[in-house]
């Protein structure tokens, strides 16, 4: 059963460039990018117990730094990427110190407020960020001299990065540090009494989540070749949070499924339904009320029940 | 009771704590020698758990000093006290319900090791950690349940796991907060014999609210009431003391 | 000099508006431990309502409109609380998410009903003439707005401190478990407080209309300000919301006037300061 599932997943990841048209290959790329973003958020939400409504900050900041360095200052993509990620990580470290002064709802409000500040800056500092016009005409890098401008080549690039990201985050979560993170999520007082430093564990996780958020931001700006303040908005953070919760936080598969679902609805629904945000809001309500633990745990419960049922 | 200060396992000096107008710890002083078995008793609301919370660092006293083997820990956060050799169990069980017994104990072991910062190796690969966790479970008679989640096992067994987790760290001072609470008679004698078999390298300080249950485990007894030390000394002396009868007959 | 006076008055009127916005938010957070992310949308509903109503009916009194909008938004809030929020008492994260979802629904509904253009709200005719004072000219409406905020603060103060309902609310804010134990119907109180908060926000939206205009995204502009006010002033504290609103009003107005590009950072600074040195806010009693 397990091998079948793995085979299906492998097939759905490897086949698109061979079988599907450009539109679907691009969609698949977008799904993978959203998946990395959702997985990075889930490190905080699901495994760390810290619900953030400002994760888009890391995606947006990395994207903007890369966009500015390459288009305005003529930096090569390699160096631009390094500076973007370094800047994003530094910002995550600072934001983490501020946000971790609180927990629970206070933490949520602070992350929301911080990301709104960034959004406001991106919007208003037009001479730097071009404000509401965004920064267009960007280029994609050519890793090892290989062009990734075609949908298929870009897809392979994203797939490799996504696989690596998934692997790294999966190891992180199952490592000793990951276990201590989950422990701090569930029983912070007990963990402190056992010798763990809850604040430091949370802060490091916050930074690591910001790192992968930044990576997804780079992929995002490479894909779109354009960046706009909306990518930093609360809506962007909220879509990621919806994906994580809809798919099932606290698992590795959940955020991937959730991000895919959100993206697919966004792409298809917007063809039929003009007001995409309203639909998103209704989906939020539905999922929270009806399926609070998410799709992946729900489905695995269902398959377990089916397997247990007498033939 | 005068002893050379640095020879004491745990020293509490003039501890005071008040919540607004309510004084919960009033000038409490304790001197516990290494290897001692101390029982802290007192009626409900006497401030026993509050005292423990200040010793473990969950609560900050308003004034006073706490020393662990001569080392001033009054300003240290809880996790640093663990590294200094302090361990505790709780009145309310705070284990990780969805994790296995083995994982719970392994976490306890991890808390003092530098490997707790490792992010690039799955924890399941730490075979020595798992082996030591199983040994700790065996010592409390729960090895056969090692792979079960905590939510599966009985209350008395969970108390034993709490003990295993605390003992796994080989603490120098162990604080047991009502370790026998809510146990049936058979469970109670199991846990009592476990406590009795704790090696002398660990100093044990226990809270019990019911005087009779843990008396035979104690060598010295401290009686608290309204946040104050009323009587303090050898077990038999405290039992015989007038003041002890007053406090307990009065409730 | 004129510049400083005008900006000072603008600060006061913005502060007043922020109080109308954030007092409800603070109450809801204090009693229900809920960060109501729909609050900006409630405010915006009031503004759109005013824009529609006052342009359709010439000379419609702004006070009537404010009360009407307040009641309407309170009703919407009450329905939402009863049907959705009350089912999620055990799931605080879920509560926050549905308020976010609700804000999306409301803001898109406004787009559908009123379109994407900014709709100005007319200043009431009897308040259009400027006030002259010591040789300076003040827009009258802005002065009135400050008066409204003060009046609202006084009414809320009396409600909370001098009525039985207020006592029950305060008990619920301090310790909801204990309050339940002594028979205070915390669940019904939650509905009442949510309606009250939403209603004040809706009324505030109407009163803010002449200054802000109704436009898509008004909710997203107002919500972070409410958050910052409450973080600064302290959760569950009316005095905190009052003082915090005016502090933020001043900082935002002067900041935008003097350093337009950095206005958000300037807002940011008191928030960091508060979080670093006094996480419970200036007057907060309840921890975040």
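The values are calculated or read from the model by the stated rules, or taken from the named source; none is laboratory data. What you see is a predicted model, and the numbers here were worked out from it, not measured in a lab. In this analysis, Cβ positions are derived from the backbone assuming ideal geometry, glycine residues included, and neighbour counts consider all displayed protein chains.
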Take the residues in segment A:27-60 that are outside any helix (DSSP H, G or I) and closer than 21 Å to residue A:229 by Cβ; name whichever of them is modelled with the highest pLDDT.
A:55
Suppose the filter is away from chain B (no Cβ under 12 Å) and modelled with pLDDT of 95 or more; does residue A:152 pass it?
no
Based on this model, can you work out whether residue C:109 counts as over 30 Å from residue A:46 (Cβ atoms), in a helix (DSSP H, G or I) and more than 13 Å from chain A (Cβ to nearest Cβ)?
no
Determine if segment C:157-168 includes at least one residue that is surrounded by 20 or more Cβ atoms within 10 Å (Cβ to Cβ) and more than 14 Å from every other protein chain (Cβ to nearest Cβ).
yes
Going residue by residue through segment C:184-206, is there one that turns out to be buried (at least 23 other Cβ atoms within 10 Å of the Cβ), within 11 Å of chain A (Cβ to nearest Cβ), touching a helix residue (DSSP H, G or I) at 6+ places or on another chain (Cβ under 7 Å) and part of a helix (DSSP H, G or I)?
no
Please go through segment C:240-259 and give me each residue that is modelled with pLDDT of 85 or more and over 28 Å from residue C:50 (Cα atoms), ordered by number.
C:240, C:255, C:258
Taking segment C:68-105 on its own, how many of its residues are at the interface with chain A (Cβ under 8 Å from one of its Cβ atoms) and either surrounded by 23 or more Cβ atoms within 10 Å (Cβ to Cβ) or modelled with pLDDT of 90 or more (or both)?
10
Within the bounds of segment B:80-90, is there any residue that is in a loop (DSSP other than H, G, I, E, B), touching a helix residue (DSSP H, G or I) at 6+ places or on another chain (Cβ under 7 Å) and either crowded, with 17+ Cβ neighbours inside 10 Å or at the interface with another protein chain (Cβ under 10 Å from one of its Cβ atoms) (or both)?
no
In segment C:212-229, residue nearest to residue C:25 (Cα to Cα) [restricted to those that are surrounded by fewer than 24 Cβ atoms within 10 Å (Cβ to Cβ) and away from chain A (no Cβ under 11 Å)]
C:212
Check residue A:267 against each of (1) within 21 Å of the chain's Cα centre (by Cα); (2) buried (at least 16 other Cβ atoms within 10 Å of the Cβ) and name the one condition it does not meet.
(2)
Within segment A:103-118, residues being modelled with pLDDT of 85 or more and surrounded by fewer than 21 Cβ atoms within 10 Å (Cβ to Cβ) number 0
All-but-one check, residue A:101 against (1) more than 10 Å from chain C (Cβ to nearest Cβ); (2) more than 23 Å from the chain's Cα centre (by Cα); (3) farther than 23 Å from residue C:221 by Cβ, failing number (1)
How many residues does segment A:180-189 hold that are facing chain B (nearest Cβ under 7 Å) and surrounded by fewer than 24 Cβ atoms within 10 Å (Cβ to Cβ)?
3
Failed item, numbered, when residue A:91 is tested on (1) more than 9 Å from every other protein chain (Cβ to nearest Cβ); (2) surrounded by 21 or more Cβ atoms within 10 Å (Cβ to Cβ); (3) under 22 Å from the mean Cα position of the chain (by Cα)
(2)
Against the conditions (1) at pLDDT below 85; (2) under 25 Å from residue C:6 (Cα atoms), where does residue C:172 fall short? Just the number, please.
(2)
Being touching a strand residue (DSSP E or B) at 6+ places or on another chain (Cβ under 9 Å) and within 25 Å of residue C:100 (Cβ to Cβ) is the filter here, so list the residues in segment A:218-242 that pass it.
A:220, A:227, A:228
Scanning for something more than 30 Å from residue A:187 (Cβ to Cβ), within 14 Å of chain C (Cβ to nearest Cβ) and buried (at least 24 other Cβ atoms within 10 Å of the Cβ), does segment A:62-76 turn up at least one residue?
no
Would you mind stating whether residue A:195 is on the phi > 0 side of the Ramachandran plot, within 12 Å of chain B (Cβ to nearest Cβ) and surrounded by 24 or more Cβ atoms within 10 Å (Cβ to Cβ)?
yes
Being under 12 Å from the mean Cα position of the chain (by Cα), more than 14 Å from chain A (Cβ to nearest Cβ) and either closer than 23 Å to residue C:217 by Cβ or buried (at least 24 other Cβ atoms within 10 Å of the Cβ) (or both) is the requirement here; does residue C:37 meet it?
no
Give just the number: which of (1) part of a loop (DSSP other than H, G, I, E, B); (2) more than 14 Å from every other protein chain (Cβ to nearest Cβ); (3) at pLDDT 90 or above does residue C:58 not satisfy?
(3)
Of all residues in segment C:230-283 being surrounded by 23 or more Cβ atoms within 10 Å (Cβ to Cβ) and not in a helix (DSSP H, G or I), the one that is nearest to the other protein chains (Cβ to nearest Cβ)
C:235
Under 6 Å by Cβ, and 6 or more places apart or on different chains, what pairs join a residue from segment B:115-136 that is without any contact (Cβ under 8 Å) to a residue 40 or more places away in the chain and more than 7 Å from chain A (Cβ to nearest Cβ) with one that is surrounded by 16 or more Cβ atoms within 10 Å (Cβ to Cβ) and not in a helix (DSSP H, G or I)?
B:134/B:146
Note: among A:69, A:59, A:75, just one is closer than 27 Å to residue A:153 by Cα and without any contact (Cβ under 8 Å) to a residue 12 or more places away in the chain, namely A:75
Given the residues A:257, A:262, which is the only one that is within 19 Å of residue A:54 (Cα to Cα) and modelled with pLDDT of 85 or more?
A:262
Would you confirm, using the coordinates I've provided, whether residue A:248 is modelled with pLDDT of 90 or more, in contact with a helix residue (DSSP H, G or I) (Cβ under 9 Å, 6 or more places away or on another chain) and on the phi > 0 side of the Ramachandran plot?
no
Of the numbered conditions (1) more than 12 Å from chain B (Cβ to nearest Cβ); (2) touching a residue at least 60 places away in the same chain (Cβ under 8 Å); (3) under 25 Å from residue C:96 (Cβ atoms); (4) surrounded by fewer than 24 Cβ atoms within 10 Å (Cβ to Cβ), residue A:207 satisfies every one except a single condition; which is it?
(1)
